[in-house]
Amino acid sequence: MNTKLVLILLSASLLTISSQSWSQDFDLSTILERLEKLENENKELREKYQALAASVNQVAQASNSMASASTTKSSADGVIQFNSEYGYQLLDPLVNINRKQLGVLNAKQDGTLGKNVVNLQGAVTAIADYQSTNEPNLFGYLMRHPTSNNQRGTTVSEATIHSAQLGFTATAGDWITANAEFLFDPEQSFGAGTNTSLTRNQVQVRRAYVLFGNLDESPLYASLGKMAVPFGLTDTVNPFTNSTVWHAFGGLANGATFGYTKDGLNVSAMAIQGGAQFRSANTPVEGTSVPSKLNNYAVNASYEFGSESDQSLLIGASYQRGTAYCQGFPITHFSQCEEPNGAYDVYAKWQSDNWTVKTEFAKTTDEWPGTFNPTIPQFAASKVSSMDFGVQYRDELFGKPAAYSFEFSNFEAGPAGAEWERQNQWVLGLAMHYAPNIKLFSELIKVEGYAPLNFLSGGHIPDRPDIPVSDASADSEILMLGVNAAF
C-alpha cells in the first residue's frame, strides 16, 4: 500500500468538510497511526502467508519423495520375496522327494511365484535323541550314518543340528526357472571323522537345476542339472525319519529330466550321468566309476485317481538302468562296477482329508556281486530289495494340526542266515504344526539288524575277510525329539 497516495486522497476529501466537523470527528495523527498499524499487520500477514506456502511446498516435496521411495521399495520387494509355506514344502525332505520340479511349476501356475522374481527359502532341523543298542558300537539308525566314529558303547545321546538348508527359486519370464539348494548335514555327511570334524561340516549344493516349463501353456517340462532321480516314490509318513526305501534307492545325480503331467497322469524320464553319482546311481564308464558319459537312465510313470476330489489313489512304477548295487567284494561306496545292476519299483498311496496309506517295493534286477564273500561261500550273492508300509492320521492337538503315524520299512541284501540278510525299521511318530512352516515332532524307533553298505559282507579287517561288518542280531531303540522350521 502507498501511504503518500492515501494521504493525498484523504486530504482532498477533508477539504470539503467543515472546520467544525473536522475538529470534532477527525484527528490526522490518529488516522496516520491507524494506517501505519494496518500496514504493519498487512506485512506480517504476507510474511506468514509466504512462510505457510513454503512449508506446504516442502511437505508436498517430501511426500512425493516418500512416494517415490515407496515405489522403489515396492519394486524391490517384487524382485526378492519370501513365502514360508512354499519354502517349507520345497525343502521338505520327506514328501515329494523326487517331484520338486512339479512343486515349482505348480507354484508358478497358482501365482505363488510371479514373473521375474527370486524367492528365498531356508530350513533348519534341530534334534535331541537317546539311542540304545544290545551290541556295543553297533547303532543301525540310518538318519545318522552308522559308524563307530560317532557312536560308542551301548547308549548314546545328543542335541544337535541335523541339517540346515538355504535355497532360492528364480523365475525368468514365463518359461524358465532356476532353483538351487545348499545343505549342511554333518549327521549324514560322507566325510570322515566325527560329526564335529571339518570334513563332515561342509556345505554342499544339494540340488541345482534350470527348469523349463509353463503348465498354463503346456503339460511338458524339462530340467537340467543336479536333482533327485525319478525312481519310485521314496516318500514317508514319518515326521522326521526317512523310509528305508529312500535310504536304499533314493537317487541324486547330474542329468536331464523330461516330464509330462496332466489330469493326474505324470510321466518322467531322466538321462543320468554315468559313473558313481551322489546317491544310488552307478554305471561303469570304460571300466571305471568316472562320470564321463551320459549312460544311465530312469523312467517313472504314475496316475492319480480322484486328484481333484476329497479322496485320491496314486499308483506308479519305475525302472532304473544302473543302481549303486553293482560292486564286487569287498563293497565300498562309489567304487567301479563291471556291469550295471538295474532295479524296478512299484508304489501306491491313498489319501483322504484325514488319512494317508502308502506302500512301496523296490528290487534290483540282478544279484549284487559284492554280497558274495568267497571266504564264506555258503552265502550266495543276493538281489537287493526294500519295501515300506505306512499309515498317517491327521487331526488336531492343542488346537494345532497334528499327524500320528506308523511305518515299517526294510532293506534285504543277503540270503537267510547271513549277517547282512536284512535291516528292519519300525517308527511311531507324532508331529504338530505350530505354524504351516514350523513342525514339532517326536518318534519312537526300533531298528533290527546292522547292515551298513561299506564292507557289508566283510573285508574291512585285512587279515579276517570272513568277518562281516554287518550283524543281524544288533538291535537299536531310539527316542527322537525335534523341530523343523522353514521360511
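Data for the structure
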| item | result |
| --- | --- |
| Residue satisfying all of: in region 380-423; among the hydrophobic types (A, V, I, L, M, F, W, C) and free of Cβ contacts under 8 Å to residues at least 24 places away in the same chain; nearest to Asn341 (Cα to Cα) among these | Ala381 |
| Inter-residue pairs, beta-carbon under 9 Å, first in contact (Cβ under 8 Å) with a residue 40 or more places away in the chain and in region 321-332, second assigned to a loop (DSSP other than H, G, I, E, B) and basic (Lys, Arg), 6+ apart | Tyr325/Lys383 |
| Test: residue in region 267-282 that is in the same structural domain as Tyr450 (by TED's automatic domain parsing), within 25 Å of Val357 (Cα to Cα) and crowded, with 24+ Cβ neighbours inside 10 Å | yes |
| Among residues of region 170-197, those that are within 26 Å of Trp246 (Cα to Cα), part of a strand (DSSP E or B) and of a type in the set (Gly, Ala, Ser), counted | 2 |
| Lone unmet requirement of (1) in contact (Cβ under 8 Å) with a residue 40 or more places away in the chain; (2) over 25 Å from Ile127 (Cβ atoms); (3) aliphatic (A, V, I, L, M) for Ala192 | (2) |
| Yes/no for Glu412 being surrounded by 15 or more Cβ atoms within 10 Å (Cβ to Cβ), of a type in the set (Asp, Glu), under 24 Å from Thr147 (Cβ atoms) and at pLDDT 95 or above | yes |
| Evaluation of Lys349 against (1) out of contact with any Phe, Trp or Tyr (no Cβ under 9 Å at 6 or more places or on another chain); (2) among the charged types (D, E, K, R); (3) part of a loop (DSSP other than H, G, I, E, B) (one fails), failing number | (3) |
| Failed item, numbered, when Gln204 is tested on (1) touching a residue at least 24 places away in the same chain (Cβ under 8 Å); (2) touching a strand residue (DSSP E or B) at 6+ places or on another chain (Cβ under 7 Å); (3) not β-branched (Val, Ile, Thr) | (1) |
| Condition check for Ser457: part of a strand (DSSP E or B), small (Gly, Ala, Ser) and crowded, with 17+ Cβ neighbours inside 10 Å | no |
| Per-region count, region 347-367, residues charged (D, E, K, R) and in contact (Cβ under 8 Å) with a residue 60 or more places away in the chain | 3 |
| Selection from region 150-164 of residues that are outside any strand (DSSP E or B) and surrounded by 14 or more Cβ atoms within 10 Å (Cβ to Cβ) | Asn150, Gln151, Thr154 |
| Some residue of region 85-103 being modelled with pLDDT of 95 or more, over 18 Å from Asn238 (Cβ atoms), among the aliphatic types (A, V, I, L, M) and part of a helix (DSSP H, G or I) | yes |
| Test: residue in region 380-398 that is closer than 21 Å to Ile467 by Cβ, surrounded by 17 or more Cβ atoms within 10 Å (Cβ to Cβ) and not aliphatic (A, V, I, L, M) | yes |
| In region 368-379, the residues that are surrounded by 17 or more Cβ atoms within 10 Å (Cβ to Cβ) and either out of contact with any helix residue (DSSP H, G or I) (no Cβ under 9 Å at 6 or more places or on another chain) or without any contact (Cβ under 8 Å) to a residue 24 or more places away in the chain (or both) | Trp368, Pro369, Gly370, Thr371, Phe372, Asn373 |
| Top-ranked residue in region 229-257 [being surrounded by fewer than 24 Cβ atoms within 10 Å (Cβ to Cβ) and aliphatic (A, V, I, L, M); ranked as nearest to the chain's Cα centre (by Cα)] | Leu252 |
| Criterion violated by Tyr130 - all others in (1) surrounded by 14 or more Cβ atoms within 10 Å (Cβ to Cβ); (2) in contact with a Leu (Cβ under 6 Å, 6 or more places away or on another chain) satisfied | (1) |
| Qualifying positions in region 195-223 - exposed (fewer than 14 other Cβ atoms within 10 Å of the Cβ) and at pLDDT below 90 | Thr196, Leu198, Thr199 |
| Of all residues making up region 105-134, the number that are in a strand (DSSP E or B) and among the aliphatic types (A, V, I, L, M) | 7 |
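The values are calculated or read from the model by the stated rules, or taken from the named source; none is laboratory data. For clarity, every value in this text was computed on a predicted model and none was experimentally measured. Counting neighbours? That spans all protein chains shown, and the Cβs are built from the backbone with ideal geometry, glycine included.
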